[in-house]
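Visitor: Structure in structure tokens, see below.
The values are calculated or read from the model by the stated rules, or taken from the named source; none is laboratory data. What you see is a predicted model, and the numbers here were worked out from it, not measured in a lab. Backbone-built Cβ (ideal geometry, glycine too); neighbour counts: all protein chains shown. What goes into the accessible areas is simple: the full protein's heavy atoms, side chains included, and nothing from ligands, DNA or RNA. Shrake-Rupley method; radii C 1.70, N 1.55, O 1.52, S 1.80 Å.
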Amino acid sequence: MKPKVGLLAYGLMGEHALRGLIPKCEVTGIVLPAELEDLFTSLGIAPAEKLALEHGIQVYKGGKKDQIIELAKKSDAVVIATYNQILTAEILQHSKFINIHHGDLPRWRGRAGINWAIILGRKDISFTIHEAIPDLDAGKIYVQEKIDIGDHDTTNDVYNKLNDSIF
């Protein structure tokens with residue numbers, strides 16, 4: 001029996017995460033923000049939403065607390081793939097939440113890890129898969145893997161390398 005897994009997704013990583021989960025899990029749903037702030041205007045629909053609909057996966061649009069809790073209650077675990085909200089302890093108590101973080105935890109916490117790695121001239125960056133707890137980017141680390149940053153890599157290049165490695 002496949003594990004029941006929900007997904008909180010925002011941005012391009014959402015589609016990669018969903019593609020990786022579909023063959024291995026029973027995906028119980030995907031929560032997307034209410035509006036994607038012009039992120040996918042040229043496409044008309046977020047790639048993760050399109051993929052979910054193609055596979056009959058429930059899409060929750062809005063990212064409201066009650067939607068996340070509903071998804072968590074019917075999931076063995078919920079994967080967070082560059083989601084745009086910090087989850088409260090009240091939400092996190094309803095399931096195991098696993099975050100995919102673009103950065104070397106515990107040192108490089110917070111947002112824009114790839115951008116900062118390039119700005120600082122770093123030669124590599126890690127993705128970290130860790131337990132989400134109320135303290136931001138501080139849960140138990142399950143997996144951490146380094147990815148090289150080339151001299152001419154853009155943030156998009158590094159995102160693609162990370163997403164390809166993770167999924």
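Visitor: Assuming residue 121 fulfils every condition listed in (1) open to solvent by 20 Å² or more (accessible area, probe 1.4 Å); (2) within 23 Å of residue 48 (Cβ to Cβ); (3) among the small types (Gly, Ala, Ser) apart from one, which condition is it?
Guide: Every condition holds for residue 121 apart from (2).
Visitor: Further question: Take the stretch 96-113 and flag every residue that is surrounded by 15 or more Cβ atoms within 10 Å (Cβ to Cβ), within 14 Å of the chain's Cα centre (by Cα) and modelled with pLDDT under 90.
Guide: Correct list: 101, 102, 103, 113.
Visitor: Being free of Cβ contacts under 8 Å to residues at least 12 places away in the same chain and either in a loop (DSSP other than H, G, I, E, B) or among the aromatic types (Phe, Trp, Tyr) (or both) narrows it down to one of 151, 137, so name that one.
Guide: Result: 151 is the single residue among 151, 137 that is free of Cβ contacts under 8 Å to residues at least 12 places away in the same chain and either in a loop (DSSP other than H, G, I, E, B) or among the aromatic types (Phe, Trp, Tyr) (or both).
Visitor: Looking at the stretch 50-108 only, could you name the residues that are hydroxyl-bearing (Ser, Thr, Tyr) and in a loop (DSSP other than H, G, I, E, B)?
Guide: Scanning the stretch 50-108 gives 75, 82, 83, 88, 95.
Visitor: Determine if the stretch 125-132 includes at least one residue that is surrounded by fewer than 19 Cβ atoms within 10 Å (Cβ to Cβ) and in a loop (DSSP other than H, G, I, E, B).
Guide: The answer is no; no qualifying residue exists.
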